[in-house]
Structure formats: structure tokens, C-alpha cells
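Here the structure comes first, spelled out in C-alpha cells, and everything after it is commentary.
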Amino acid sequence: MNKLRRASQGLFLVIFLALFLSTESTGEDELGYPVKIFLELDPLVFLVTLLSNHTIVKDLFLLSMITVGLTLLFGRVFCGWVCPMGTLNSMVGFKTERRWRDWHRVKYYILIFILGSSIFKLQIAGLLDPISLLIRSLSIGINPPFNSTIHSLFETISYMQAPLVTGITEWIYSVLKETVLSFSEPVFRQEIFIGFIFIGILALNLLERRFWCNNLCPLGALLGVISRFSLLKRFASDRCTRCGLCDKVCSGRAEPHKMELWRKAECVYCFNCEGVCPEEAVHFVLKGEGKVMGLDLSRRRFLISAMAGIVVVPFIRSEPLRKNPNPVLIRPPGALSEEEFLRRCIRCGECMKVCITNGLQPTLLEAGLEGLWTPLLVPRLGHCEYRCTLCGQVCPTGAIKRLTLEEKVEVRIGLAFIDKDRCLPYAYNRECIVCEEVCPTPKKAIWLKEADVKERGGGVRRLRQPVVDPELCIGCGICETKCPVVDMPAIYITSIGESRSKENQILLP
Amino acid sequence: MKRREFLKRAGLLGLSLALDGKLGSVSASVSPDIAVAEGSSPEAITTQAISALGGIRRFISRGDIVVVKPNMAFDRLPQHAANTNPEVVATVVRLCLLAGAKKVKVFDRTVNDPRRCYIQSGIKEAVEDAGAEVSYIDERRFVDVEIKGSVIKKWPIYKDVLEADRLINVPVAKHHGLTRLTMAMKNLMGIIGGSRRLWHQHINEALVDLASVIKPALTVLDAVRILIANGPQGGDLKDVRRLNTVIVGAEQIAVDAYGATLFGMKGEDIKYLRLAEKMGLGRIDIENLSIKHIKS
């Protein structure tokens with residue numbers, strides 16, 4: 001059985017990674033792959049979206065119920081057989097035989113904390129939800145250095161100009177480009193920060209195999225709670241000699257050697273104990289009755305966690321941002337109003353991975369502490385491509401609405417302003433108007449004003465100066481991205497005028 | 001492609017090759033400066049116009065590596081007339097391959113995301129069907145070229161263009177805010193690297209500098225649809241006019257000068273064309289050129 005389990009883990013990890021790599025534009029309007037399916041299979045994402053925003057996202061509900069159903073039948077098989085984060089942890093920790101202190105209850109307290117704050121409409125589950133954490137970490141922290149390593153390696157070789165060698169390496173390079181590399185080298189703010197947290201989590205496997213899964217994972221905890229009622233149970237026959245081998249190989253903290261004190265909620269059904277038993281005394285049987293260990297949480301800690309989750313809400317919420325919108329907080333097109341957006345966004349980073357220009361970046365404090373690692377558009381790094389709707393296609397919770405092309409081009413995410421002290425035709429009497437050229441609205445939101453300017457020698461010169469039409473500008477930011485004043489652009493976007501906000505407006509409605 | 005369509009197409013192209021240089025008793029030596037073909041099929045008019053100019057074999061030799069440079073800089077559909085008509089580009093590719101070209105390469109340094117530009121313009125699919133090799137720009141393949149022009153002294157140009165035996169410029173005729181019109185000369189901005197947005201400060205002089213070092217063997221100006229306002233991207237079908245016309249010539253400046261007339265202008269109205277003529281890069285006095293009109 002444990003061979004079959006490994007095959008399943010491998011298969012799901014490969015599917016996960018393939019979908020991760022496919023979270024990228026092909027040039028078509030539709031992405032064409034179910035890239036968010038692992039998030040939709042995640043009942044924690046479903047539950048917190050339900051609690052914090054009182055919404056049921058259909059696909060999320062249907063698919064996460066598959067996981068709940070599986071757990072009711074077979075226990076935490078999702079953790080042991082499917083979860084790509086679990087698989088990565090198993091792989092990194094495969095040699096670790098040590099055990100950390102008995103911290104397995106911590107994850108339940110984390111879960112309670114998260115649910116407590118969710119009830120008061122604070123959505124922080126995504127920070128620790130394993131699927132969100134994994135996709136975010138890979139997108140922002142791992143994929144960029146992976147790409148830059150490969151690129152610089154092959155580019156170094158190609159500059160050596162060794163004909164025979166580069167012929168082969170260029171071929172390998174082109175194959176890699178077609179398969180695992182991103183279309184263009186991604187860059188992200190906080191890359192090193194988010195990457196190191198992830199590497200740190202994987203490194204915990206040196207303290208204990210699957211440290212994350214056993215001690216911290218709130219999804220593992222949720223499935224552990226559900227697995228209380230599951231049918232697949234472990235039995236040890238009379239042949240058991242209490243040799244304790246099963247405990248040594250246990251992937252979780254299930255204490256199989258304690259026989260009827262076996263902690264069912266900690267078992268990830270890896271079947272290692274069954275495989276290792278020299279007496280073949282261990283069996284897993286689908287059976288309704290039979291006593292199993294409860295969760296054994298302390299009532300005091302349970303209450304403290306729940307209270308902490310609730311109390312943290314006003315502390316995080318008391319933010320000056322609630323009084324005045326942040327000009328740099330340009331949300332992706334289709335993002336819900338800020339309050340609802342924060343209640344739904346699980347920080348999985350799918351939108352940032354898929355963003356065609358790499359303009360979507362993780363926030364640090366731009367949206368307050370509550371909004372940590374949610375997406376914002378940084379037009380200097382990449383604009384919002386006029387006819388692209390990918391971010392809404394990959395968002396698992398609907399924090400970014402799925403827009404049709406017709407809807408998308410109507411959505412305003414901000415407004416352009418010209419800095420006349422830096423704009424070449426204004427500041428230096430030079431022709432330019434790159435912003436007008438790239439402006440994508442069918443009737444250009446940037447128009448050209450003819451101006452007679454005095455020249456140094458005394459003459460007068462006629463040139464064209466750009467003017468923004470606030471009625472037409474949708475704030476896509478391509479003008480800022482392409483402005484030739486590259487260090488600090490002469491035209492820039494702020495969030496005012498965004499369709500999703502009632503208050504952050506500049507024009508009469 | 002359906003079989004019937006294929007046979008029709010093969011017949012048309014074969015005929016054009018057979019008639020190359022013979023059509024209307026025009027021989028290569030006295031072929032017109034410009035050929036203008038009008039008709040409802042972009043493929044047919046492209047073929048006819050090139051035939052009238054003396055045929056593709058006048059420009060392409062067996063074994064040539066050819067770069068066909070369309071305008072596919074924008075994430076727009078063919079009906080928006082922001083990019084070259086895919087059928088026109090594909091027809092040029094087919095003719096080159098029929099004339100024995102070893103390889104036909106198609107690429108553009110786009111303004112919008114390259115993947116969307118290549119796909120949404122319809123050009124990638126059309127020219128791949130026709131047998132061209134389509135690639136995205138590889139930033140490592142730009143080579144510094146001494147231009148020694150009036151404003152551009154040295155600039156990176158795409159290696160594939162420099163190494164090709166022949167370059168065929170296949171622009172679309174469009175309105176442009178800064179230069180008034182963008183056609184062939186402006187289309188060559190798609191082969192340069194570096195921060196080309198700096199060119200806008202002296203766009204007319206810069207375009208002439210580029211034209212003095214990069215000389216396409218043949219220019220095929222697509223005016224199947226033209227964009228008359230809000231260029232070079234457009235987006236509003238009200239700004240598009242369907243002219244069902246293709247203009248070809250060996251001199252890109254002359255082709256551009258003819259193109260200006262489609263917008264009710266003359267070559268002299270476009271500053272970069274005036275400058276180019278002054279530099280001796282080509283003629284814009286189209287009334288003195290021999291122009292062959294074909295209507296189908």
C-alpha cells in the first residue's frame with residue numbers, strides 16, 4: 001500500500017507542478033487549464049470564505065466537498081496521498097528519524113485562531129493554508145530565482161561563443177524555455193522574504209519529518225477534525241509484539257504503537273506501519289464502530305486561541321487606510337471593493353503568477369497588515385494588459401471577479417496623472433508622446449494638445465503635449481510602464497477613480 | 001485548410017510564379033515602380049501585385065534566408081487594422097517558399113505582450129501554416145550596428161535581419177499620433193532593440209537614419225483595412241476603412257508615399273518621407289513614378 005501511496009503522491013505533485021507551470025498566458029484569451037483546482041479541493045479555503053464573507057463559491061464548494069467526502073471515508077488521505085505540500089515535506093524529511101516535541105496540537109490552535117478571526121471577517125487563513133502558501137511561495141519566492149539561475153547559466157555559456165558547445169546548450173535552453181521556464185524572467189518584490197519563509201518551512205523537516213503537516217498545518221487540523229468520523233480505521237491483531245517499529249516509521253504523530261490509543265486524527269494513512277510490521281499484524285479496515293482517540297485539546301488553550309483570533313481583528317483593523325485610500329494600492333481589474341476583497345483573497349499568488357506583464361506584486365503594508373501579500377499593480381514593473389482577463393480566471397475565491405473581455409475593458413483600476421516637471425514636451429520642449437501611442441482605449445484617453453513653446457534662442461516652436469482625459473482613462477498603466485523617463489515616470493497611475501470604490505472617486509458619478 | 005481551398009490556393013500561386021515577369025508583357029527590366037492591386041481576396045491581390053512588379057523571383061533567389069517583417073506589435077484582432085492582415089503576410093511567406101527560399105522567418109518586437117500579439121493578430125497561425133518559422137524576440141540577438149545617422153549613431157538591430165539574405169517589409173497602413181502615419185519606414189522599428197521609446201524625441205530623423213542602413217528588398221503595404229484615427233492601436237471599428245488594397249514596390253519610401261494618398265495626404269505631408277527623399281533614399285513624387293493598377 002505504501003508504494004501505491006508514493007505513486008499517488010508523485011502523480012499529484014507532478015500534476016500540481018504542471019498546472020503551476022501552465023499558470024501562464026499562451027496568448028489566447030482563455031488559460032485553458034484548471035490551474036486553481038488544488039485550491040478548490042481545499043476545504044479550508046471554502047470554510048474561511050464562507051465564514052468571513054458569507055459566500056459560497058460554487059466550484060470551491062463542489063470540489064472541496066470531494067475532499068471532505070474522502071476524509072469522511074478514509075481519514076486524512078488528502079494529507080498523505082494528495083497534498084503537494086505534504087509530499088514536498090515527506091521528500092525533504094525522508095531521512096529524518098528524530099521527533100520534535102509533541103507539538104501536534106498547535107495546528108488545531110492555529111485553526112481555531114483562524115476560524116475565530118474569520119467569523120469576525122478577517123481573512124488570514126491564506127497565510128498558512130498549505131496550498132495557498134505553496135503556490136504563493138513557488139510563484140514569488142522560488143520560480144524567479146529558478147528562472148534567473150537557468151537564464152544566467154545558459155547566457156554565460158552562449159557568450160563564450162564556443163560553437164560546438166553552444167549548439168548543444170542552446171538546444172537544451174530552447175527545450176527548457178518551451179517547458180519549465182517562464183515566458184519572461186519573473187521579478188517580484190519580497191521574493192527573498194517569501195522564498196526564505198518557504199525554505200525555512202521545508203527545513204523544519206530536519207527537526208521532524210513532515211514537521212509542518214504534523215504541527216502547524218491548519219488544513220491538516222481541519223481534516224483531522226473531520227477524520228474523527230471517518231470509517232477507515234487501523235487495527236493491530238494479537239500477533240503484535242509491541243516492537244515499536246510502526247511508531248518509528250509513522251509519517252504523522254499517530255502513535256500507532258499505542259494500539260487503541262492510536263491518534264486517528266494524526267494519521268495521514270501513509271501505510272508505513274502496515275508495511276513495516278514484521279508480524280503483519282497491522283490492518284486498515286473500513287468499519288463504523290470502534291473506539292479511537294479524540295483530539296485531546298486543552299479547553300483553556302482552545303478558548304485562548306479562539307479569543308486571540310477574535311481580539312486580533314480590531315488591532316489589525318485600526319488602520320489609517322480605512323480613513324483614506326492608498327494611492328499606490330492599485331488592485332487588479334475585477335477586484336471587489338476593498339473590504340470584500342480582503343475578506344476573500346487568500347493570498348495564493350495565482351494572479352501574480354499568471355499576470356501577463358508581471359505587474360501584479362505582493363503587498364507588504366500598502367493594504368495594511370490585514371492585506372499582507374494581496375496583489376497590487378505596480379505599473380512601473382508591468383501594466384494591466386488591455387485585453388487580458390487572466391487574473392480573474394485563476395482567482396479561486398472570486399476576490400477578483402472573472403470578467404468577460406467586454407466587461408474588462410470598461411473596468412477602471414486607477415487614473416493617470418502627468419508630472420509636467422518631468423514630461424519631456426512640458427519640461428524640456430521635446431517631442432515624445434509615447435504615452436499617447438501606447439494608450440489602448442479605442443478613443444485614446446491621452447490626447448495631444450498643440451502648444452507653441454518659446455525656445456531658448458527666442459524662437460517659437462510648435463509641439464504636442466499629452467493630456468489625460470479622466471472620462472476615458474481606465475488606469476491600465478501602460479503609459480507609466482512605457483514612459484521613457486524610466487527612473488521616475490512622468491506619467492503615473494494612482495488608485496483614484498477605481499470602479500470598485502464608491503469613495504475613491506474624482507469625477508461626478 | 002480545406003482541400004478545395006488548398007487546390008485553389010496552389011493553383012493561384014503556381015500561376016503567379018509561371019506568369020512572373022510575363023504578366024502584361026512586363027519584363028523585369030521595365031517592371032513598374034509600384035503595383036497596386038485591389039480586390040476582395042487579400043491573398044489574390046497580394047499575389048497579383050507582386051506578379052505585376054515582376055514576380056517574387058525578382059526579389060528572392062533559391063536558397064535565400066528571408067525575413068518577412070509584418071507589423072504585429074499590438075494585441076488586436078485582424079479587423080482592428082492595428083496589425084498587418086494575416087493573409088497578406090502568409091501569402092508573402094508562401095510565395096517566398098515557392099520561389100525556393102530556404103527559410104522564411106517572421107517576428108516582431110511588440111508593444112503589447114508578444115504572446116497575445118502573435119496569437120490575437122492571427123499572424124502566427126497563418127504564417128506557420130504557410131511554412132514560416134515564427135519566433136519571439138530573443139534579447140540576446142541584438143547586435144550594435146554603426147548607423148552614423150543624423151541622430152542615431154549606433155543602435156542594436158536584430159541579428160536575424162542583419163544575417164538574412166533578403167528582408168521583406170510587410171506593414172499595415174495606419175494613423176499615428178506623432179508621425180501622422182505609420183507604414184513601411186515606421187514598421188522597421190520592430191527590428192531594433194534598446195530603449196526605442198527614446199527615438200520619439202527625433203522620430204523623423206531617427207526613422208530616416210534606420211532606413212539608410214536597413215533596406216528591404218521588397219515592401220508589401222497592406223491596405224486591406226486601414227486605421228484612420230486613434231492609431232497605431234485603434235480598437236474602434238469605426239476608425240477602420242476597408243480598402244481591399246495591397247501596394248507593393250521595391251522602394252519602401254515610394255510605397256509609403258503612395259500609402260499616404262490613401263489617407264488623403266501626399267508624401268510631402270509626412271516629415272520622415274520628406275527627409276528620406278532629401279537623403280536620396282527614395283522618391284516620393286509618385287506622379288512621376290510608374291504605377292500599375294490591377295483590379296479584380
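Computed from the coordinates by the stated procedures, all read-outs in this text should not be read as laboratory data. Note that this is a predicted model, so its numbers are computed, not measured. We place every Cβ from the backbone using ideal geometry, glycine too, and count neighbours over all the protein chains shown.
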inquiry  = Using only Cα atoms and rounding to the nearest 10 degrees, what angle (0 to 90) does helix A:43-53 make with the longest principal axis of chain A?
reply    = 50
message = Sort A:277, A:250, A:267 by Cβ crowding within 10 Å, fewest neighbours at the top.
response = A:277, A:250, A:267
inquiry  = Angle check, please: helix A:143-160 long axis (alpha carbons) against the longest principal axis of chain A (alpha carbons), in degrees 0 to 90, nearest 10.
reply    = 60
note = Surrounding charge for residue B:110, neighbours by C-beta under 14 angstrom, Lys/Arg +1, Asp/Glu -1, total +3
request  = Determine the shielding of peptide A:434-446 by partner chains: average, over its residues, the number of Cβ atoms on other chains within 10 angstrom of each Cβ.
outcome  = 6
inquiry  = Can you give the local net charge around residue A:124? Use residues other than it whose beta-carbon is closer than 13 angstrom to its beta-carbon, Lys and Arg +1, Asp and Glu -1.
reply    = +3
request  = Could you order peptides A:481-488, A:152-159 by the average number of other Cβ atoms within 10 Å of their residues, highest first?
outcome  = A:481-488, A:152-159
note = Amide H proximity to residue B:145 below 5 Å, modelled H, separation 5+ or other chain, gives B:155, B:157
inquiry  = Could you give each residue of segment A:162-170 its phi-based ³J(HN,Hα) in whole Hz, using Karplus coefficients 6.51, -1.76, 1.60 with θ = phi - 60°, and x for Gly or Pro?
reply    = 8, x, 5, 5, 5, x, 6, 5, 5
query = Over segment B:3-295, what relative contact order in percent results from Cα pairs under 8 Å that are six or more residues apart?
reply = 22
Alpha-carbon Rg with Dmax, taken over chain A, Å = 27.0, 106
remark   = With R₀ set to 41 angstrom, the calculated FRET efficiency between the beta-carbons of residue A:28 and residue A:258, to the nearest 0.05, is 0.15
inquiry  = List the residue ranges in chain B for DSSP H helices whose C-alpha atoms run 20 angstrom or more along the long axis and whose Kyte-Doolittle average is 0.0 or above.
reply    = B:3-19
task = Using only Cα atoms, tell me the angle between helix A:2-21 and the longest principal axis of chain A; keep it within 0 to 90° and round to the nearest 10.
result = 10
ask   = With labels modelled as points extended 7 Å from the Cα through the Cβ direction, what inter-label distance (nm, one decimal) is found for residue B:140 paired with residue A:506?
value = 4.4
remark   = Long-range amide H partners of residue A:182, meaning residues 5 or more apart or on another chain whose placed amide H is closer than 5 Å, are none
query = Quick one: if you stick a label point 7 Å off each Cα along the C-beta vector at residue A:65 and residue A:472, how many nm between them?
reply = 4.9
remark   = Diffing segment B:137-146: the Karplus 3J(HN,Hα) column from phi (6.51, -1.76, 1.60, θ = phi - 60°), in whole Hz with x for Gly and Pro, holds 4, 10, 4, 6, 8, 8, 10, 5, 10, 6
query = Using the alpha-carbon centroid of each, what span in Å lies between segment A:292-312 and segment B:197-276?
reply = 72
inquiry  = Quick check: residue separation of residue B:40 and residue B:279 times 0.36 nm, minus the Cα distance between them. What number comes out in nm?
reply    = 82.3 nm
ask   = Gain in length, residue A:15 to residue A:293, computed as 0.36 nm per residue apart minus the alpha-carbon separation, to one decimal in nm?
value = 96.6 nm
inquiry  = Under the rule of at least 5 residues apart or a separate chain, name every residue whose amide H is placed under 5 Å from the amide H of residue A:233.
reply    = A:285, A:286, A:287
query = Is there a pair in A:420/B:278; B:174/B:278; A:420/B:153; A:95/A:258; A:482/B:215 whose C-alpha atoms are over 26 Å apart, and which pairs would that be?
reply = A:420/B:278; A:420/B:153; A:482/B:215
request  = Please find the FRET efficiency linking residue A:203 to residue A:323, where r is the Cβ-Cβ separation and R0 is fixed at 51 Å, and quote it to the nearest 0.05.
outcome  = 0.80
ask   = Under a straight-distance cross-link criterion of Cα-Cα below 17 Å, which aspartates and glutamates are reachable from residue A:36, leaving out those fewer than 8 residues away in the same chain?
value = A:24, A:59, A:129, A:350
ask   = Can you sort B:31, A:117, A:298, A:499 so the residue with the fewest Cβ neighbours within 10 Å comes first?
value = A:298, A:499, B:31, A:117
ask   = Loop-only check: which chymotrypsin sites (Phe, Trp or Tyr not before Pro) in segment A:217-302 are DSSP coil with at most 11 other Cβ within 10 angstrom?
value = none
remark   = Residue by residue through segment A:205-221, the couplings from Karplus 6.51 cos²θ - 1.76 cosθ + 1.60 with θ = phi - 60°, in Hz, x for Gly and Pro, are 5, 7, 7, 6, 5, 6, 3, 4, 5, 7, 10, 10, 5, x, 6, x, 5
task = Would you mind giving the mean number of other chain beta-carbons within 10 Å of the Cβ of each residue in B:174-182, as a whole number?
result = 3
task = Would you mind counting up the charge near residue B:101? Only other residues with Cβ under 12 Å from its Cβ, with Lys and Arg at +1 and Asp and Glu at -1.
result = +4
